[in-house]
There are 6 protein chains.
Amino acid sequence: MLRQDGRTHSQLRPVKITRNYIKHAEGSVLIEVGDTKVICTASVEERTPPFKKDSGEGWITAEYSMLPRATGVRNQRDISKLKLNGRAQEIQRLIGRSLRTIVDLKLLGERTITIDCDVIQADGGTRTASITGGYVALVDACRKLRDNGLIAKMPVTGFVAATSVGVAAGQELLDLCYTEDSSAEVDMNVVMSDKAEFIEIQATGEKSSFGKSQLDLLLILAQKGIEQLIQIQKKALE
Amino acid sequence: MLRQDGRTHSQLRPVKITRNYIKHAEGSVLIEVGDTKVICTASVEERTPPFKKDSGEGWITAEYSMLPRATGVRNQRDISKLKLNGRAQEIQRLIGRSLRTIVDLKLLGERTITIDCDVIQADGGTRTASITGGYVALVDACRKLRDNGLIAKMPVTGFVAATSVGVAAGQELLDLCYTEDSSAEVDMNVVMSDKAEFIEIQATGEKSSFGKSQLDLLLILAQKGIEQLIQIQKKALE
Amino acid sequence: MLRQDGRTHSQLRPVKITRNYIKHAEGSVLIEVGDTKVICTASVEERTPPFKKDSGEGWITAEYSMLPRATGVRNQRDISKLKLNGRAQEIQRLIGRSLRTIVDLKLLGERTITIDCDVIQADGGTRTASITGGYVALVDACRKLRDNGLIAKMPVTGFVAATSVGVAAGQELLDLCYTEDSSAEVDMNVVMSDKAEFIEIQATGEKSSFGKSQLDLLLILAQKGIEQLIQIQKKALE
Amino acid sequence: MLRQDGRTHSQLRPVKITRNYIKHAEGSVLIEVGDTKVICTASVEERTPPFKKDSGEGWITAEYSMLPRATGVRNQRDISKLKLNGRAQEIQRLIGRSLRTIVDLKLLGERTITIDCDVIQADGGTRTASITGGYVALVDACRKLRDNGLIAKMPVTGFVAATSVGVAAGQELLDLCYTEDSSAEVDMNVVMSDKAEFIEIQATGEKSSFGKSQLDLLLILAQKGIEQLIQIQKKALE
Amino acid sequence: MLRQDGRTHSQLRPVKITRNYIKHAEGSVLIEVGDTKVICTASVEERTPPFKKDSGEGWITAEYSMLPRATGVRNQRDISKLKLNGRAQEIQRLIGRSLRTIVDLKLLGERTITIDCDVIQADGGTRTASITGGYVALVDACRKLRDNGLIAKMPVTGFVAATSVGVAAGQELLDLCYTEDSSAEVDMNVVMSDKAEFIEIQATGEKSSFGKSQLDLLLILAQKGIEQLIQIQKKALE
Amino acid sequence: MLRQDGRTHSQLRPVKITRNYIKHAEGSVLIEVGDTKVICTASVEERTPPFKKDSGEGWITAEYSMLPRATGVRNQRDISKLKLNGRAQEIQRLIGRSLRTIVDLKLLGERTITIDCDVIQADGGTRTASITGGYVALVDACRKLRDNGLIAKMPVTGFVAATSVGVAAGQELLDLCYTEDSSAEVDMNVVMSDKAEFIEIQATGEKSSFGKSQLDLLLILAQKGIEQLIQIQKKALE
């Protein structure tokens, strides 16, 4: 049975990665996953957060936000409410953790790379698109550091990409769009490396709990999708 | 003498207006003025601010923001500082005032249209690009209201567009890019209607005061540019 | 090989649940998991959040905080920084989601139960202790509603408890204390129901990625621990 | 005529001070005064506030807060409102001032001791319990500094304790519980030293003004109560 | 021995009350006590705070602030720090409580009078000057309500005024100016009614504790000063 | 046709500048323009903002605020809303820019002068009165610096004053009071130097756009008014 947009259950949406999207940033990408569009920029700053002071190491951090009308209904800006919304905080912590796993902070040296992920149009999977696209922006920023002689060796040690999987109407699905996601019984975001290992799994069964065999099926779907995403990253970075 | 990008003193940068840029919004535009790129969305909400309660009239308001890396150096997000920066407030008040001059709020009825102007890449003239692009998004949102039978008649009563002019190295220039703007002795933002009348003039001589004859020259340049911008709006809206 | 506190790799710390700990709250519990101590109160309010207005359904929400000196080093209060810290937001969203899975919101009726989880002493596993203890406080609050004739039937449809598992020094461990947690290569929080199904899995490999077989081992450990925790909840609620 | 809990007008509620209540803090106490329960921790930090920079002196400061459900009705957390409530600010300033009177800041050296008073259950007299209990936590923290050789001599120069007195139903009462306090015509918090001298008097007659003779009677009651509280502190500190 | 400004120990500074100082306010006063100058306005609003909803009663509240340069050193505005400073909160709560004691809230009806006390020049005793001056503004606002037929009868039931007393260089002093106040061993603010009864006493001995006989002496001084202040209020209100 | 207060269309309201109004400030002025009254203080601080660090130059900045009851209806304080209102931000940026044009920041040296403009009574033209009055306070502060030997030479290089002009009921008017301003079709604030040159023009046609000839008429009116204001400044500074 095909999905609303004609995909099979194990098919990713079309993915497009446009590099050098914002001229000012050291790395910048527009990633499109179906109708989800995220601008990911990587900004290098020659300073570290206080907890890395004099450690000889750098830091990777991320910020995530949506334009007010990235969604069907307009959202108030955080600054209007004077509160960073909880969902955004959760997501930016996830992006930062995921990208740090494939960076050698010693090789990066005492500098910070901030990955800003700004969703300009949302249709499900914005956090996983942010990781997949943010990775490419990060690599570009590191290449620029290396080409400018600021670092001797690329600090990026591997690939990392992410996708969502879930169970909707009783069926396991790869890469949920917004309507699938909002009706899903089980929803799961998976971050993996190019060594086919897990970096982060966030599985939630708000509408129904799930058993081990269902988890296993979902992880297989996720792995299949992430392998394809890493191929797309590799091609984009050529 | 030509300018750094090869323009004459009275020449606009290339302007491109892409309509329907964000699928969720009632009106949405990507406006590009040289390297300045702003996403303008118009969102309709069926409620009015308290001061328009039971007035039979609607309201037009605007919000303006920049992505952190829209500029050469990364800016902290407002929410990180818990303060909406003063420049942004000033600009969004200007955008709202300018667009309200060409809307019949009675015809709009008791609803609010919010124009969100999010700068994704900045190279001077972001506030004037926001007005010029925001106008087109506003018209599209009103057309949708009319086509859906929510309003009987278009509430938009005319055209409005804006540009900057200034004096740099002693020469009057139209449509300053960032490097021209940051070295300008006099800097001026002009908003005009299609009746060749002024809606707003903001002229600042922080580095040097300016005389009446210089003001007159600048206003002529501005008028010339705005006439062209309104032609571009008209073509985009066909 | 025994752990620093003499436990085997698959052994929970001693767990103690003291009911009716705060006299004002409809439900209240002090849960102690080793040296981790959390006060969980369940407060009933006869109103719902706006998004549940006139739905005939109630809502369960949670807030999580630590006393400034619950940890080895004093933390500034959120209000001093005017920011709810990201970790706390993430955790309180998890607690809320987990507890909602076992509540029939229709049976609860149009009222809100807020589960406040305040950590008075932290030694690892504060979020999972909050879920396990918060569940008991929630049941007590529902019983009070039922005993007072405000609801006809208990809206709690099952049990939910949570624990952490992780890999430290290459070994899979159940219920990590703080020193184990801070050196863990893989860290995982698991929430399960009494039907031996998963409600939430949050697995993070910041220091090293992890394979499927390791994931399977950790989930078995977690399930074993949670079965015991549910027994402890049952005994406490007798 | 006996009071609602069987006490005479000049009788304190049962007071219990449990030392070393939180394992991480340099000093920590659970003080129970009737049903009022406050966790007081004393945290030592090796830095001073800016206004004590290079003064050779240290500083004592206090923070006061209530758990949301310490009271009959749940209170929103300060961080939800982005405002530290006025009552809490007033109280923490009082606690800080009171405890500073019995500390030789020169002997303390350039370090700060923060007394965190977190009310876990409130039944009247939370501010005075915080002072009485905070004192004991402070002494414990100073002893630890001395025992670790960080200071040569105890900087604590005397005892300080506090209680409330008031007039309810025309009668002068010592140590008001919540129901007495909320109906009191005159309400007074008194802080005294072991030299039988006043450190702070805060007397309020919101419902009715009061004369000098009534003030005198209340001060005698307060002094009697504080003498007993200092005995309890002495016993606890043995 | 005379004081630095030539006063005896029991002498008030010159007090001047100028009514109708701000044309927009229902009541407004400039009160000058020596070099301390406070603008007090009383604003009537036809609504009550939520906790007085449908009570048939009104409310009196106060706000207190200082201009940034009211003091020797410029203070940052609260809004720059996003925090209402603790001292101001404490003071405005005191002003509100004090003025409520002499208002019959039933007679006031369901409306709020806000007393804004803005210190334009500070030289000690700003909080007590705010009470003394705020009282006059409050009376004027109530008279306007009565003269406009909005209330049948004056809701003000008596007089209230305030002054400071303290011990400096071992001597009891009435009405401390800033230099006296900042070196005082004991500092006390006293609010009294025209029935020679106390409404509020706030006595603080941060630098040294104080005995009962000293307290008695200070209260006599305060009473003498307040009697004079009430005479000045009476004359101003003629 | 005379205006409501008997003025001709080209007549300023009575202007009064009282120097040394606040004893603590290095410069301070009460400026009265009709019923508009603003306290302007100039505070010198021996530090610069970060962006002027080690530049050898100083900085001039301004803050603008209104007392809550400076207007017909009481306004909530910014701190109650935790937001600096947009209008105030816009105005204080304008004041700062305007005053910086006539200060040689090199001669000022590495110090900051903050001009605080606090409106105690508003009747139109508060921003322009703040510039005109703030200028005098600034000169006084610079004179004090010079007289104390802290700077060798006056850094103030000229005069600056400001007024409003506008079109109401079809007539061009100088120096609008509040009722004129609120019904004006075109509203314009003009800042000029004593060289009869423009420093800032802010012209707004929210109710109706305006042509070039109307602009010219308004600028002539403004120039006439500003010439008089500069005479008043000169006289005040003698």
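Given R0 = 51 Å, the distance between the Cβ atoms of B:S55 and A:L2 translates into a calculated FRET efficiency of 0.50.
Label-point spacing at C:R19 relative to the other copies reads 3.6, 6.3, 6.7, 6.7, 8.0 nm, in ascending order, each point sitting 7 Å out from Cα along Cα→Cβ.
As a check on your grasp of the helix formula, calculate [θ] at 222 nm for chain D: sum -39500 (n - 2.57) over DSSP H runs of n ≥ 4, divide by the residue count, round to the nearest 500. Numbers along the way, then the final one.
Details: 6 runs with 76 residues, N = 238.
Calculated from helices alone, the mean residue ellipticity at 222 nm is -10000 deg cm²/dmol.
Summary of the geometry: region A:24-99 and region F:72-148, compared by the centres of their Cα atoms, lie 37 Å apart. Here E:K235 and E:E45 are evaluated by their C-beta separation; at R0 = 25 Å the FRET efficiency comes out at 0.25. Defining a contact as two alpha carbons under 8 Å apart and six or more residues distant in sequence, what relative contact order in percent does chain B show? Once normalised by length, the contact order is 21 percent. Over all other residues within a Cβ to Cβ distance under 12 Å of D:I79, the charged ones net out to +4, with Lys and Arg as +1 and Asp and Glu as -1. Accessible surface comparison of C:T179, B:T101, probe 1.4 Å, protein chains only, largest first: the order is C:T179, B:T101. Taking the chain by itself as reference, region B:173-210 contains these residues with an accessible-area loss of 20 Å² or more in the full protein complex (1.4 Å probe, heavy atoms): B:E197, B:F198, B:I199, B:E200, B:I201, B:Q202, B:A203, B:T204, B:G205, B:E206, B:S209, B:F210. What the phi angles of region E:172-189 give under the Karplus curve with 6.51, -1.76 and 1.60, with θ = phi - 60°, is a coupling list of 6, 10, 9, 6, 6, 7, 4, 5, 5, 4, 6, 10, 5, 7, 10, 9, 8, 10 Hz, glycine and proline written as x. Taking both sides together, the accessible area buried where E meets D is about 2600 Å² for a 1.4 Å probe. For D:E110, the distances from its label point to the matching points in the remaining copies are 2.2, 2.2, 6.1, 6.2, 6.5 nm, ordered from shortest, with each point set 7 Å beyond Cα toward Cβ.
Computed over protein heavy atoms with a 1.4 Å probe, the accessible surface of the protein assembly as shown works out to 37 Å² per residue.
Our coupling estimate for region C:40-51, obtained by passing each phi through the Karplus curve with A = 6.51, B = -1.76, C = 1.60 and θ = phi - 60°, is 10, 10, 10, 10, 9, 10, 7, 7, 10, x, x, 6 Hz, Gly and Pro reported as x. Distances from E:K207 to itself in the other copies, using label points 7 Å out along the Cα-Cβ axis, amount to 3.9, 5.6, 5.6, 6.1, 7.1 nm in increasing order. Within the shell of other residues whose beta carbon sits under 11 angstrom from the beta carbon of B:Q214, the net charge comes to -3, with Lys and Arg scored +1 and Asp and Glu -1. Where chain B is rotated onto chain D, the residue of B whose Cβ comes nearest the axis, and that gap in whole Å, is B:L82, 4. At an R0 of 41 angstrom, the distance between the Cβ atoms of E:A169 and D:R87 translates into a FRET efficiency of 0.75. The H on the amide N of E:D123, modeled in the peptide plane, is under 5 Å from the matching H of E:T36, E:K37, each at least 5 residues off or on a different chain. Expressed as a whole percent, the accessible area of region B:15-237 that falls on carbon and sulfur atoms is 49 (1.4 Å probe).
Which net charge results when you count Lys and Arg as +1 and Asp and Glu as -1 among the other residues whose beta-carbon is under 11 Å from that of E:I199?
For residues surrounding E:I199, the net value is 0.
Phi angles of region F:19-32 translate, via the Karplus equation with coefficients 6.51, -1.76, 1.60 and θ = phi - 60°, into HN-Hα couplings of 7, 6, 7, 10, 5, 7, 7, 5, x, 7, 9, 9, 9, 10 Hz per residue; Gly and Pro are given as x.
The values are calculated or read from the model by the stated rules, or taken from the named source; none is laboratory data. Model, not experiment: these values are computed from the prediction. Positions of Cβ are generated from backbone atoms using ideal geometry, with glycine treated the same way; all protein chains shown enter the neighbour counts. These accessible areas exclude ligands, DNA and RNA; they are computed on the full protein's heavy atoms, side chains included. Shrake-Rupley method; radii C 1.70, N 1.55, O 1.52, S 1.80 Å.
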